[in-house]
Amino acid sequence: MFTQVELNYAFDALEPYIDALTMETHYGKHHASYTANFNKAAEMAGVQNQDVIEILANLDTIADPAVRTALKNNGGGFYNHNLYFSQLSPNPANAPTGKLAEKIDSTFGSFENLKTELTRLALGQFGSGWAWLSANPNGDLMISASPNQDNPISEKTGYIPILALDVWEHAYYLKYKNLRGDYLKNLFEVIDWNVVSENYQAVTK
Ligand code: MN3
């Protein structure tokens, strides 16, 4: 059974950057719903004992198109939000260090430039979707954006996301209304780059 990542902070702990009602609704309703529906679809497809990354990377092996779509949308929703919520912290490390910091500098010029480029992709994603920093086993980094609950795994890029920027309106509309840029600026205030570094190490080990 697939379960939501446990939050090690309270719903109101990310105030004023992310408000408590948004957190409670996002985690308690949206993510909970993706997770429940993913479990149902995985059961139907007989893949409930596989790793979610394996499932998302091999959607084309699912014969029934309705089940395949349900796995892509709800498996993506499950996985993407586990990454999103686990990287947030009320006491974040505001910049990467070590190997990840070095790779960011050599790939994107600087950490500031990476944030600028990620923000540009997140603002440019039309409608609902995500922006990503991803890594491959060689340690290469890639930034990209995806519609809906797609991600670099289901897109078969060979990269695994290590940082997730949720730009669905449900992630910010209660507090920020249409101002996605303000949300993104404040989202960076609660991203723990120690977690992103751990994610990088997990992909590249
Ligand atoms: Mn969301």
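The values are calculated or read from the model by the stated rules, or taken from the named source; none is laboratory data. Predicted, not measured: the structure shown is a model, and the values here were computed from it. Cβ: placed from backbone, ideal geometry, glycine included. Neighbour counts: every protein chain shown. The accessibility values were calculated without ligands, DNA or RNA, using every heavy atom of the protein model including side chains. Shrake-Rupley method; radii C 1.70, N 1.55, O 1.52, S 1.80 Å.
Table for the structure above
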| read-out | value |
| --- | --- |
| Residue satisfying all of: in the range 151-203; within 16 Å of the ligand (Cβ to nearest atom), out of contact with any Lys or Arg (no Cβ under 7 Å at 6 or more places or on another chain) and in a loop (DSSP other than H, G, I, E, B); most open to solvent (accessible area, probe 1.4 Å) among these | Trp168 |
| Selected residue (criterion: nearest to the ligand (Cβ to nearest atom)) from residues of the range 67-81 that are open to solvent by 30 Å² or more (accessible area, probe 1.4 Å) and of a type in the set (S, T, N, Q) | Asn73 |
| Single residue of Asn49, Asn74 found to be polar (S, T, N, Q), assigned by TED's automatic domain parsing to the domain that holds Tyr27 and in contact with a Lys or Arg (Cβ under 9 Å, 6 or more places away or on another chain) | Asn74 |
| Criterion (more than 16 Å from the ligand (Cβ to nearest atom), of a type in the set (Asp, Glu) and either assigned by TED's automatic domain parsing to the domain that holds Glu43 or in contact with a strand residue (DSSP E or B) (Cβ under 6 Å, 6 or more places away or on another chain) (or both)) met by exactly one of Asp140, Asp64 | Asp64 |
| Lys40 being open to solvent by 60 Å² or more (accessible area, probe 1.4 Å), within 16 Å of the ligand (Cβ to nearest atom) and not assigned by TED's automatic domain parsing to the domain that holds Ser128 | no |
| Qualifying position, being within 17 Å of Ala164 (Cα to Cα), away from the ligand (no atom under 16 Å from the Cβ), in contact (Cβ under 8 Å) with a residue 24 or more places away in the chain and in contact with a strand residue (DSSP E or B) (Cβ under 6 Å, 6 or more places away or on another chain), among Leu100, Leu121 | Leu121 |
| Answer from Ser89, Ser110 - the residue that is without any contact (Cβ under 8 Å) to a residue 24 or more places away in the chain, open to solvent by 10 Å² or more (accessible area, probe 1.4 Å), over 30 Å from Glu43 (Cα atoms) and among the polar types (S, T, N, Q) | Ser110 |
